[in-house]
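Before any comments, here is the structure.
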Amino acid sequence: METGTPIAIKKAIQERCWIDSAAYQTLYRQSITDSVGFWRSQAERIDWFREPTQIRDVSFHPDDVHIHWFQDGELNATYNCIDRHLEKNGDGIALLWEPDQPHQQRREIRYRELHEQVCRLANTLTRLGVNKGDRVMLYMPMIPEAVFAMLACARIGAIHSVVFAGFSPDALAGRIADCQARLVITADAGRRAGKQVPLKANVDAALEKPGTDCVDTVLVVEHLGVAPDWHNGRDRRYSEEMAASSTHCPAVAMNAEDPLFILYTSGSTGKPKGVLHTTGGYLVYAALTHQVAFDYHPGQVYWCTADVGWITGHTYLVYGPLANGATCVMFEGVPNYPNDQRVGDIIDRYQVNILYTAPTAIRALMAGGDHCCQGSHRDSLRLLATAGEPINPAAWQWFHDVVGKGQAAVVDTWWQTETGGIMICPLPGAIEAKPGAATRPFFGVQPALLDNEGHILTGAAEGNLVIGDSWPGQARTLWGDHERFVQTYFSTFPGYYCTGDGARRDADGDYWITGRVDDVINVSGHRMGTAEVESALVAHPKVCEAAVVGYPHQLKGQGIYVYVTLNAGTDSNEALCEELRLWVRQEIGPIATPDLIHFTVDLPKTRSGKIMRRILRKVAANEHDSLGDISTLADPAVVASLVETRMNR
Ligand code: 6R9
């Protein structure tokens, strides 16, 4: 019957989705009961130099965690993302680059040009002494050269590690030291919403910090034409080096399990984790999920707004879409600069069919009313997708009704840096979306809910979200620290991969992600360990103790609420508040700037001296009516005074 069928699905079906409901059921069942057969046939979407015969060898057992996929296969990621498209689609556009400033020159990079640039840069890196297995740090704005750099590393088997350009020199230095990178690729400066970011100067500052003398070369893209300080012998100009390099560079054969990249992410302790992804499984998973979850068809224009500094930028701006030969929009700026209409303008200009963005961007646009959609048609849109944090139903509905004019499917995708690609989402054409729900597992993904004691929960339930078996896109280890990998993800619930997220399963069997169950907060889709912010704060000479929690924030999803006790003789005042804000910005980066700072003389602690975060979270959320049991506190009076002076009212 026609009536009652949601328009979004109708339009999608008219245009023939890859997967319908019956196909999803069949394929999902096969992916679980015959994992080897399913993934063997999925591996065929990739061009191998040597076809894999060993499909999987995995164990989640805490005594012996190992994850290997397609272990005897050989391939090169850039061959798959570029070379194999050249014959049929060399003139096809790979990247449509939209600058921060709308009046500035745009760029179109065809697959043939992408090939030339990547080969030149790969040869440059080799000439500068980079070998297979060496680490190369990228600290780049959202410009095509960032994509060239990732792919150039992959072409010669170097391991890239992209650090988000909004991170501070300190954060960059810590990551360089951890993976002992020998070369840094950066730009003179970046630009976002009209503001310049001094990237090269930040690299200079980072390389003065301890542990970074592993870096012998800094390659600098002349993006804005500012003249940064120059260290002769160490710094090299991108344009000069590229001009001196040939465009011929064969793609090195890599083993499927050779590392492709390291991406640092926050955990519950202060030290960022170097999540390691390898080549074969990651690429198969990236290409498959990109095709099916976004129902991507050849010729469509696809726009992922994620920065290359995050996993979404890796899997769904670079590796997944390029492996599928897609045309990708890459945007240097932010959605509401110079005005709210920017997103609509870009959609119309490039006739974008698929838009992948973050709930925080949607909420920011929504806050300005429907104004952002004035002046654009957006009739090209057929699919809208989100990732990074839970999307509240109101934002989902607005995205669907206003941005997509009720004609595009909305796909909420749940996944993590560690999962490499999408894990739970309503596959368009196959699974009916519910506003706010991630719905059903992707092929090969076996989610389960456990209570805190590790008992499996059946039917409609809420608990810890875990995954029962491996999938090819899964991270293999943490760089240099396999023990921490096992400890973090496989020891809490032996036999399972522990996601650190909570979830609810409704009576239909659909999953709803409820948020982190550990001390990780999600601010505007950026993942941050509260311990990272705390250690930045206690490094300040006036701070004695600090406790950081998230609290509900209308635009950011979660805001950063900081409790601080000061050293004797220090007064709390507005100036100190500003000083601490600035301090955290400098230590970590602008995304970690505290929203609310609550000076207190004491923190609620148990008799054994543990800070009771549960109470701090409640007070920060302005939910002090439901504090629960506080009788185990060393001094229950602390709570009353915290409630009295709370900052979020
Ligand atoms: C892809 C990415 C991962 C954490 C994850 C969860 C949250 C991501 C979500 C979501 C609800 C979604 N998260 N997608 N929560 N619904 N659709 O964001 O990776 O930066 O590693 O963050 O983000 O809490 O555990 P990453």
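The values are calculated or read from the model by the stated rules, or taken from the named source; none is laboratory data. Here the structure is a predicted model, which is why all the values come from computation and not from measurement. Here the Cβ is made from the backbone with ideal geometry for all residues, glycine too, and neighbour counts use every protein chain on show. Heavy atoms of the whole protein, side chains included, go into the accessibility calculation; ligands, DNA and RNA do not. Shrake-Rupley method; radii C 1.70, N 1.55, O 1.52, S 1.80 Å.
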* Structure fact -> Here the qualifying pairs (Cβ atoms under 6 Å; residues six or more apart or on different chains; first in segment 277-297 and within 27 Å of Arg135 (Cα to Cα); second of a type in the set (D, E, K, R) and outside any helix (DSSP H, G or I)) come out as Thr278/Glu257; Thr278/Arg476; Thr279/Asp258
* Structure fact -> Exception for Asp602 within (1) open to solvent by less than 30 Å² (accessible area, probe 1.4 Å); (2) part of a loop (DSSP other than H, G, I, E, B) falls at (1)
* Where Glu240 falls short, out of the listed (1) over 27 Å from Tyr79 (Cβ atoms); (2) in a loop (DSSP other than H, G, I, E, B) -> (2)
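Could you grab me the full set of residues in segment 518-532 that are of a type in the set (A, V, I, L, M, F, W, C) and more than 9 Å from the ligand (Cβ to nearest atom)?
First, the residues of segment 518-532 that are of a type in the set (A, V, I, L, M, F, W, C): 520-521, 523, 528, 531.
Answer for segment 518-532, where residues must be of a type in the set (A, V, I, L, M, F, W, C) and more than 9 Å from the ligand (Cβ to nearest atom): Ile521, Val523, Met528, Ala531.
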* To do: From Val564, Val533, Val543, grab the single residue that is buried (at least 17 other Cβ atoms within 10 Å of the Cβ) and within 22 Å of the chain's Cα centre (by Cα).
  => Val533
* **Of residues in segment 499-515 being open to solvent by 20 Å² or more (accessible area, probe 1.4 Å) and hydrophobic (A, V, I, L, M, F, W, C), the one farthest from the ligand (Cβ to nearest atom)** => Ala507
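For segment 462-472, state whether one or more residues are open to solvent by 10 Å² or more (accessible area, probe 1.4 Å), away from the ligand (no atom under 16 Å from the Cβ) and over 28 Å from Ala287 (Cα atoms).
So the first thing to find is which residues in segment 462-472 are open to solvent by 10 Å² or more (accessible area, probe 1.4 Å), and the list is 462-464, 468-469.
Now drop any that are not away from the ligand (no atom under 16 Å from the Cβ), which leaves 468-469.
Those left that are additionally over 28 Å from Ala287 (Cα atoms): none.
No; the residues of segment 462-472 include none that is open to solvent by 10 Å² or more (accessible area, probe 1.4 Å), away from the ligand (no atom under 16 Å from the Cβ) and over 28 Å from Ala287 (Cα atoms).
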* Structure fact -> Log entry, pairs with first residue in segment 497-511 being among the β-branched types (Val, Ile, Thr), second being near the ligand (Cβ under 9 Å from one of its atoms), beta carbons closer than 6 Å, six or more apart or on different chains, reads Thr499/Leu465
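Kindly indicate whether any position in segment 302-309 is aromatic (Phe, Trp, Tyr), open to solvent by less than 10 Å² (accessible area, probe 1.4 Å) and away from the ligand (no atom under 13 Å from the Cβ).
Here is the first cut: in segment 302-309, the ones aromatic (Phe, Trp, Tyr) are 302-303.
Add one more test, that the residue is open to solvent by less than 10 Å² (accessible area, probe 1.4 Å), and what stays is 302-303.
Now restrict to residues that are away from the ligand (no atom under 13 Å from the Cβ): 302-303.
Within segment 302-309, one or more residues are aromatic (Phe, Trp, Tyr), open to solvent by less than 10 Å² (accessible area, probe 1.4 Å) and away from the ligand (no atom under 13 Å from the Cβ).
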* Asked: In segment 380-395, is there at least one residue being surrounded by fewer than 23 Cβ atoms within 10 Å (Cβ to Cβ), under 30 Å from Gly500 (Cβ atoms) and away from the ligand (no atom under 16 Å from the Cβ)?
  -> no
* Test: residue in segment 212-225 that is open to solvent by 40 Å² or more (accessible area, probe 1.4 Å) and outside any loop (DSSP other than H, G, I, E, B) -> no
* Structure fact -> Matching residues in segment 430-457 (assigned to a loop (DSSP other than H, G, I, E, B) and either surrounded by fewer than 23 Cβ atoms within 10 Å (Cβ to Cβ) or aliphatic (A, V, I, L, M) (or both)) number 18
* **Index of the failed condition, Ile615 passing every other in (1) closer than 21 Å to Ala539 by Cα; (2) open to solvent by less than 50 Å² (accessible area, probe 1.4 Å); (3) of a type outside the set (Asp, Glu)** => (1)
* Asked: Residues of segment 140-188 being surrounded by 23 or more Cβ atoms within 10 Å (Cβ to Cβ) and at positive phi, which ones?
  -> Gly157
* To do: Have a look at Asn202, Asn255, Asn232 and point out the one that is open to solvent by 10 Å² or more (accessible area, probe 1.4 Å) and under 23 Å from the mean Cα position of the chain (by Cα).
  => Asn202
* Residues (open to solvent by 10 Å² or more (accessible area, probe 1.4 Å) and of a type in the set (Ser, Thr, Tyr)) located in segment 328-358 -> Tyr337, Tyr350, Thr357
* Can you tell me which residue in segment 467-516 is nearest to Ala181 (Cα to Cα), limited to those that are among the acidic types (Asp, Glu) and assigned to a loop (DSSP other than H, G, I, E, B)? -> Asp481
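When you check Thr312 against the structure, is it within 16 Å of Leu381 (Cα to Cα) and of a type in the set (Ser, Thr, Tyr), yes or no?
Numbers: within 16 Å of Leu381 (Cα to Cα): no; of a type in the set (Ser, Thr, Tyr): yes.
When the stated conditions are applied, Thr312 does not pass them.
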